[in-house]
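Peer 1: This is the structure, below, for whatever I ask next.
Derivation of every value follows stated rules applied to the coordinates shown; laboratory data play no part. Source: prediction; values computed, not measured. FYI the Cβ positions are ideal-geometry reconstructions off the backbone, even for glycines, and counts take in every protein chain you see.
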């Protein structure tokens, strides 16, 4: 049996990152991957980069890392709603101004995806989807037919992705699996201020466990206030409900939230 | 040659868009039948237009069965007005277990019974159900100029009803002025909030000079064309015809915009419609320059 831990969407939540990195050895993992999007939303972006690089945990380049690393004008999330764009830009400008040139150069060169073969299974690790870095794979808009096609087209048995910020797992009729690891940097829009990551066990079966890790979210909220980040972001950290970047969310997921 | 005359250029002058994957299947469930006759309707739908007849429930089941093995991601129901179809809710009951569904409506035909059933469907399915209600102005006089007297009020009432059933409708608006896009969206959002919509969702579309809109604002001019644009220039642009096909009772079409245009029909069956499409229509130019998609995102 091989155990794989994966997380994504750190969003500068360096306290959640520490808590998840503490939890992974408790749960047990033979290998750990970060699926991208280190910055945005939270305070002091360099702290997360330093932590991750010190640990030597491999990471994919998410759209946020791609934008920050290449000094692009925005995060590449593709929002059109003015309110979402307003907050996304505040967050992006803050992160871009506080990410060191060394971290930017590192982000620029990160891989966009990684193929692994574990216990005879072919895995594809990606940020948004295997076909596009910023494609949102929400649970409610990914029918089996589409996910089977993705797995067939990319010749894999398991797809691991992130980008939406909400975790889900779909065992497919063919025996393949698609897993969205969710995010550790923002709560899962469920009223719980926790960080979520995924632990996989692979042998004849694929077992998927999502783990909610508590962390000192009040401390993070205080740091965000001290950095004068938007109160709307702080509210999300404190309450577990998303207040911004809701535009791309399908009705089903949106209804589960408060806003 | 007058500027309004379309030159007949060889197909080789236009770039082609291959179908990279069938993400979206557009189903013109109500054909061209609509309870309204909007002055900008790109398929010229109306109360007496049956050029594309309504599709039967069996026909729709069959089209979805054909599309699923291609890796279909989402289904859009359009018209005409989908809720004129006597079996629209039953069609959704058939379709929702297969894929997420979106219904594009003018918002004037909701009843409490229908909304209860839509809510139950939405709640009971793994897949998302999206209701998209069209608006053509944030003031009644603007919207009603396109859609008829009193239609703004009815559409707003429809939106309020939808939200009362927690269907969280998407308001689809056409940008028919030169207003700054950000200010335009902000005005809409503010109007919707004032009207009592607590969680407004907005999708903005450009105007297409097709169907009845041609009489209002004229046809595409020869310069509004992708003639001479290279395949390489098209490659980086996400044109929706690269990821969708549309079906009506009359066959398979490249996209929902061109079902009334000569050359938009690609065949009777999907296997005849999976090849590249030559981007020779004025609407292709609009898609290219605006980067728009009819899909939700």
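Peer 1: How many percent of all Cα-Cα pairs in the stretch A:2-256 sit more than 21 Å apart?
Peer 2: Result: 54 percent of Cα pairs exceed 21 Å.
Peer 1: Rounded if a/c is under 1.5, else prolate if a/b is larger than b/c, else oblate: which is the stretch A:204-254, with a ≥ b ≥ c the root eigenvalues of its Cα gyration tensor?
Peer 2: In terms of gyration-tensor shape, oblate.
Peer 1: Averaged over its residues, how many other protein chain Cβ atoms are within 10 Å of peptide B:128-137's Cβ atoms?
Peer 2: 2
Peer 1: If you count, for each residue, the other Cβ atoms within 10 Å and average over each peptide, how do A:181-193, B:12-24 line up from highest to lowest?
Peer 2: Most protected by this proxy first, the peptides run A:181-193, B:12-24.
Peer 1: Would you mind pulling out the separation of the Cα centroids of the stretch B:49-117 and the stretch B:280-295, in Å?
Peer 2: The stretch B:49-117 and the stretch B:280-295 have Cα centres separated by 24 Å.
Peer 1: Still on this model: Please compute the average number of Cβ atoms from other chains found within 10 Å of each residue's Cβ in peptide B:70-80.
Peer 2: 3
Peer 1: Taking a ≥ b ≥ c as the square roots of the Cα gyration tensor eigenvalues, with a/c under 1.5 meaning rounded and otherwise prolate when a/b beats b/c, else oblate, which class fits the protein assembly as shown?
Peer 2: prolate
Peer 1: While we're looking at this one, here's another question. What does the structure give for A:243-255 when I average, per residue, the other chain Cβ atoms found within 10 Å of the residue Cβ?
Peer 2: The shielding value for this peptide is 5.
Peer 1: Taking the mean number of other Cβ atoms within 10 Å as a proxy for protection, how do you rank A:81-92, B:140-151, A:154-165 from highest to lowest?
Peer 2: Highest to lowest by the protection proxy: A:154-165, A:81-92, B:140-151.
Peer 1: Would you calculate, for the protein assembly as shown, the mean residue ellipticity at 222 nm contributed by helices, counting each DSSP H stretch of 4 or more residues as -39,500 (n - 2.57) and dividing by all residues, to the nearest 500?
Peer 2: After summing the helix terms and dividing by residue count, I get -9500 deg cm²/dmol.
Peer 1: Place a point 7 Å from Cα of residue B:111 in the direction of its Cβ. Which residues in the stretch B:27-57 have their backbone N less than 17 Å from it?
Peer 2: Correct set: B:35.
Peer 1: When B:125, B:297 are ordered from fewest to most other Cβ atoms inside 10 Å of their Cβ, what list results?
Peer 2: Going from least to most buried by this count: B:297, B:125.
Peer 1: Could you tell me the relative contact order of chain B? Use alpha-carbon pairs under 8 Å, at least six residues apart, and round to a whole percent.
Peer 2: 26
Peer 1: Right, here's the next one. Shape of the stretch B:11-290 from its Cα gyration tensor (a ≥ b ≥ c, root eigenvalues): rounded if a/c is under 1.5, otherwise prolate when a/b > b/c, or oblate?
Peer 2: Judged from the Cα gyration tensor, the stretch B:11-290 comes out oblate (a/c at least 1.5, b/c at or above a/b).
Peer 1: Can you tell me the FRET efficiency between residue A:205 and residue B:140 if r is taken as the Cβ-Cβ distance and R0 is 51 Å, rounded to the nearest 0.05? Could you put the intermediate results ahead of the total?
Peer 2: On the way: r = 60 Å, r/R0 = 1.17.
Result of the calculation: an efficiency of 0.30.
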